[in-house]
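Trainee: I have a structure here, written as structure tokens, and I will follow up with some questions on it.
The values are calculated or read from the model by the stated rules, or taken from the named source; none is laboratory data. Since the structure is predicted, the reported quantities are computational estimates derived from the model, not experimental observations. Neighbour counts run over all protein chains shown; Cβ positions are idealised from the backbone, glycine included.
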Amino acid sequence: MFIWIAGTIDEVTEAAHTGLVNAVVTNPTVISQWTSEGGSLEEVLADVTSKIDIPVFVQLYGPDKNTFLAETEHLIKISDNIRPKLPATIDGIAATKELRSLNVFSLVTTVCTIGHAYAAAVAGAYAICPYVARMNDYDNSAEELLMSVSRMYRRHDIDTEIIPASVRTIDDVNMCLKSGCHGVIIFYDLFQSLFEHPVLKESLNGFEKNWKSIRYSFHQNK
């Protein structure tokens, strides 16, 4: 299973250094924030990939197949850890298939239907990121979509991973995992929330009282 992270450069770097995060994922909003101080996309990607050693999925501009392919060729020169992220359009899926033939593994985003998920799998996408909150915002059941895609992939022994995006709450995370997804794409604040719970907090406070009554040279010498 996977935890993929999004956020500022400092946030994704800190999360990556925990060893718990398997990839960094960008979108145009994230990229706009990364470049807000004047750096080019190439410069900030060089910075990020010099600080962490996990894949960085970069959403491409496109919008046509040949541009997607040229962009990928351009960006992967920066680092072996850069991976293309493409939309679930005809051109995006076609580029995904050609990139797979070149052993370049792509993430397909904006997946909103079973048809999108099917086409991405046919193209050999490494992973798809169906939208969760955005689908629910449009009165479409994200849970139903995820469960249907998960069943389809299992039935046909498809190895494309399901890593949803637009995951806003812990309830969203729980729903994704219960629906058979392989992980989630979450922003840094939600990543931190994974480790928060009132029972956990109360338990640690109680343990702290007990630790103070225990003679323990390691702790006392710190």
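Trainee: Let me confirm something: among Y118, Y138, Y131, which residue is farther than 17 Å from F57 by Cβ, of a type in the set (F, W, Y) and either surrounded by 15 or more Cβ atoms within 10 Å (Cβ to Cβ) or at pLDDT 95 or above (or both)?
Mentor: Y118
Trainee: Of the residues E161, E143, which single one is under 14 Å from K85 (Cα atoms) and charged (D, E, K, R)?
Mentor: So the residue among E161, E143 that is under 14 Å from K85 (Cα atoms) and charged (D, E, K, R) is E161.
Trainee: Moving to a separate point now. So, in segment 104-131, exactly how many residues are over 15 Å from P55 (Cα atoms) and either hydroxyl-bearing (S, T, Y) or without any contact (Cβ under 8 Å) to a residue 12 or more places away in the chain (or both)?
Mentor: 6
Trainee: Being part of a helix (DSSP H, G or I), modelled with pLDDT of 95 or more and within 22 Å of V167 (Cβ to Cβ) narrows it down to one residue among T72, T49, T67, T13; which is it?
Mentor: That would be T13, the only listed residue that is part of a helix (DSSP H, G or I), modelled with pLDDT of 95 or more and within 22 Å of V167 (Cβ to Cβ).
Trainee: How many residues does segment 16-32 contain that are assigned to a helix (DSSP H, G or I) and either in contact with a Gly (Cβ under 9 Å, 6 or more places away or on another chain) or under 19 Å from P87 (Cβ atoms) (or both)?
Mentor: Residues meeting the conditions: 5.
One line per residue, one yes/no per condition, for (1) touching a helix residue (DSSP H, G or I) at 6+ places or on another chain (Cβ under 9 Å); (2) surrounded by fewer than 16 Cβ atoms within 10 Å (Cβ to Cβ):
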residue: S32; (1), (2): no, yes
residue: G39; (1), (2): yes, yes
residue: A46; (1), (2): no, yes
residue: D53; (1), (2): yes, yes
residue: F57; (1), (2): no, no
residue: D64; (1), (2): yes, yes
residue: P84; (1), (2): yes, no
residue: I90; (1), (2): yes, yes
